[in-house]
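Data first, discussion second: the structure below is written as structure tokens.
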Amino acid sequence: MITVLKFGGTSVGSAEAIRRSAKIIAAGNGGRVAVVSAMSGVTNHLIQFLESDNARTDDALALLIKKHMDVANELLTGKLLKEFTKGFNERVDSLRDLLNDKGARSDPYFNDNISSQGERLSVLLLSYILMSMGRESVSLTSEEAGIYAAGPPGLGTADLQKTSAGLMMNVKPLILRGVIPVITGFYGRNEDGKPLTFGRGGSDYSAAVVANGLDADCLEIWTDVDGFMSADPRVVPEAIVIDEMNFGEAAELAYLGAKVLHPRTIEPVRMKHIPVKVKNSAKPERPGTLIHHLRAPKNEMLRSVAMKADLSIITVGSSEIAYRPRMVARIIDKIADAGVIVYAISTSLSTVALLIHNLDVKETLKHLNLLDPTDVERIDVKSNMALICAVGDDLLRRCGVSAEIFGAVFEAGANVELISEGASDVSLNFVVPTDMAIGVVKSLHRKFVGG
Ligand code: ADP
Ligand code: ASP
Ligand code: MG
């Protein structure tokens, strides 16, 4: 039995939190593998450093050193503290060298390398804390563990086959010997051996990739809330914990804004039917959420609602587009060339509307403008839109449900700009202006979940 346990930033963010997390890892039976994020605030700190023109390397490092050494000094003593300090200083020294190496900045993967450094420090710390509790443990970077990735900077995708081979060679023997491997989340190594991150919050995905590669029996996501909830509790304080979900529901909600899971977490575990538990590392006795293949029907109209803001609708207008399928194909082709994610598509007789991220508008327009001008009558952009994703058992089956949902949207005073109904078999997705989105989420939750 192998369990992969992922701990997010807050779960390793202080001496108290990291000790609690180490106890959770040490407590269970069978093979245990931890995948860990950077201590809370560390990735942001590294990214701010990269974005600043006048930040000094030593100031940036001083904060990292204090954050980790404070915990080490509180939780470790004697030989373990000495060994940890030595390993930690080596990692900080190589980070300093990297930051001072002006030539390194021209590497397109330089930012990935720097922003993933927090994970290299947190795994070392957690591994030593496990040792201080009498457990055998080894910290491994993604390179050492054999997590392979490909893709553009900041947007890596794991190579599941190569990663599985790597993990079976580098990690499985440790598990069989009763050692607890603690592996860096957030990034893999690209084909040049350089760090490639999986996007913000990517440690959930790393953990799912590790669970897939090791054929684990269970993936546990330990975080700072009691489980997957009916809405983001920061937006809807009355949100309740969902006891059970299926993979499709969790995947759709994570993709469309439920930050509790990185958008790509579900696929690597769904492929191998590995159940996922989402639990609170500060309250491990609480049941949390079980995400698995099939769940019992609950007949709730709305189980959970998520929102994704900062999107834009691009509408391409061309006469009788619906009768010219090649024209639609050409538009889609240009979007593919732009390499952007399309969150929804809707067509009418003479328009194709696409929902993309605000930041992708420029690149998308650049490619759409390459279309033959005689083919395109106009291109409109509506920015600052938000996609609302509503998941529920009866949402797509029960007659009149859309009317009730859109009634709640109307009560929030919002206009629906685009609807994508029927594209997913678990969710109803629609677009409203971003400044209305929170009101819509609250209204839907109040009407259909309660509070
Ligand atoms: P971690 O550092 O453990 O990865 P994150 O901050 O990435 O934690 O994710 C947990 C946060 O996700 C919660 O604190 C909560 O505010 C937010 N969140 C958004 N949507 C949901 C949801 N549907 N259920 C639970 N939490 C959610
Ligand atoms: N430390 C990374 C981030 O802050 C990855 C993660 O937390 O999952 O985005
Ligand atoms: Mg997260």
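Where residues in the stretch 37-69 are assigned to a loop (DSSP other than H, G, I, E, B) and within 16 Å of ligand 1 (Cβ to nearest atom), which of them is surrounded by the fewest Cβ atoms within 10 Å (Cβ to Cβ)?
If we take residues in the stretch 37-69 being assigned to a loop (DSSP other than H, G, I, E, B) and within 16 Å of ligand 1 (Cβ to nearest atom), then Gly41 is surrounded by the fewest Cβ atoms within 10 Å (Cβ to Cβ).
Which members of the stretch 271-308 meet the condition of being among the aliphatic types (A, V, I, L, M), modelled with pLDDT under 95 and farther than 22 Å from Val236 by Cα?
Leu294, Ala296
When the stretch 282-297 is filtered for residues that are in contact with a Gly (Cβ under 9 Å, 6 or more places away or on another chain) and in a loop (DSSP other than H, G, I, E, B), the ones remaining, listed by number, are Arg286, Pro287, Gly288. If you go through the stretch 357-378 one residue at a time, how many are over 29 Å from Leu253 (Cβ atoms) and either buried (at least 17 other Cβ atoms within 10 Å of the Cβ) or in contact with a Phe, Trp or Tyr (Cβ under 7 Å, 6 or more places away or on another chain) (or both)? Number satisfying all stated conditions: 4.
Please find, within the stretch 175-204, the residue that is surrounded by the most Cβ atoms within 10 Å (Cβ to Cβ) out of those that are part of a loop (DSSP other than H, G, I, E, B) and within 16 Å of ligand 1 (Cβ to nearest atom). Among residues in the stretch 175-204 that are part of a loop (DSSP other than H, G, I, E, B) and within 16 Å of ligand 1 (Cβ to nearest atom), the one surrounded by the most Cβ atoms within 10 Å (Cβ to Cβ) is Gly185.
Output the residues belonging to the stretch 73-110 that are among the β-branched types (Val, Ile, Thr) and on the phi > 0 side of the Ramachandran plot.
none
When only residues in the stretch 151-169 that are over 22 Å from Ile47 (Cβ atoms) and of a type in the set (A, V, I, L, M, F, W, C) count, which is surrounded by the fewest Cβ atoms within 10 Å (Cβ to Cβ)?
Out of the qualifying residues, it is Met169.
All conditions but one from (1) within 16 Å of ligand 3 (Cβ to nearest atom); (2) touching a strand residue (DSSP E or B) at 6+ places or on another chain (Cβ under 9 Å); (3) of a type in the set (Gly, Ala, Ser) apply to Gly28; the one that does not is (1).
Residues are listed down the side, and each one gets a yes or a no for (1) within 16 Å of ligand 1 (Cβ to nearest atom); (2) touching a residue at least 12 places away in the same chain (Cβ under 8 Å); (3) of a type in the set (Gly, Ala, Ser); (4) surrounded by fewer than 19 Cβ atoms within 10 Å (Cβ to Cβ):
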{"position": "Thr85", "(1), (2), (3), (4)": "no, yes, no, yes"}
{"position": "Ser94", "(1), (2), (3), (4)": "no, no, yes, yes"}
{"position": "Gly103", "(1), (2), (3), (4)": "no, no, yes, yes"}
{"position": "Val123", "(1), (2), (3), (4)": "yes, yes, no, no"}
{"position": "Glu144", "(1), (2), (3), (4)": "no, yes, no, yes"}
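Can you name every residue in the stretch 405-446 that is surrounded by fewer than 16 Cβ atoms within 10 Å (Cβ to Cβ), among the charged types (D, E, K, R) and not in a loop (DSSP other than H, G, I, E, B)? Correct list: Glu411, Glu421, Asp435, Arg446. In the stretch 205-234, the residues that are in a loop (DSSP other than H, G, I, E, B) form Cβ pairs under 7 Å with partners that are within 13 Å of ligand 2 (Cβ to nearest atom), at six or more places apart or across chains, as follows: Asp224/Gly8; Asp224/Thr10; Asp224/Ser11; Val225/Val260; Phe228/Val260; Asp232/Lys259.
Inside the stretch 369-418, residues that are touching a residue at least 12 places away in the same chain (Cβ under 8 Å) and of a type in the set (Ser, Thr, Tyr) make up a count of 2.
The number of residues in the stretch 368-382 being over 12 Å from Ile314 (Cα atoms) and modelled with pLDDT of 95 or more comes to 0.
Against the list (1) within 28 Å of Lys442 (Cβ to Cβ); (2) out of contact with any Asp or Glu (no Cβ under 7 Å at 6 or more places or on another chain); (3) outside any loop (DSSP other than H, G, I, E, B), the condition Lys279 fails is (2).
Screening the candidates Leu196, Leu256, Leu261 for the property of being closer than 25 Å to Ala17 by Cβ, among the aliphatic types (A, V, I, L, M) and under 15 Å from the mean Cα position of the chain (by Cα) yields one hit, Leu261. Within the stretch 273-289, residues that are outside the structural domain of Leu219 (by TED's automatic domain parsing) reach partners that are of a type in the set (Ser, Thr, Tyr) and part of a strand (DSSP E or B) with beta carbons closer than 6 Å, at six or more positions or on different chains, in the pairs Val278/Thr289. Scanning the stretch 236-252 for residues that are within 16 Å of ligand 3 (Cβ to nearest atom), closer than 17 Å to Gly8 by Cβ and assigned to a helix (DSSP H, G or I) turns up at least one hit. Restricting attention to the stretch 314-342, the residues that are crowded, with 16+ Cβ neighbours inside 10 Å and in contact with a strand residue (DSSP E or B) (Cβ under 7 Å, 6 or more places away or on another chain) add up to 9.
Is it true that Glu238 is within 21 Å of Lys279 (Cα to Cα), more than 16 Å from ligand 2 (Cβ to nearest atom) and over 19 Å from the mean Cα position of the chain (by Cα)?
Taking the combined requirement at face value, the residue satisfies it.
The values are calculated or read from the model by the stated rules, or taken from the named source; none is laboratory data. These figures come from a predicted structure and were not determined experimentally. Cβ atoms come from the backbone with ideal geometry, glycine included; neighbour counts cover every protein chain shown.
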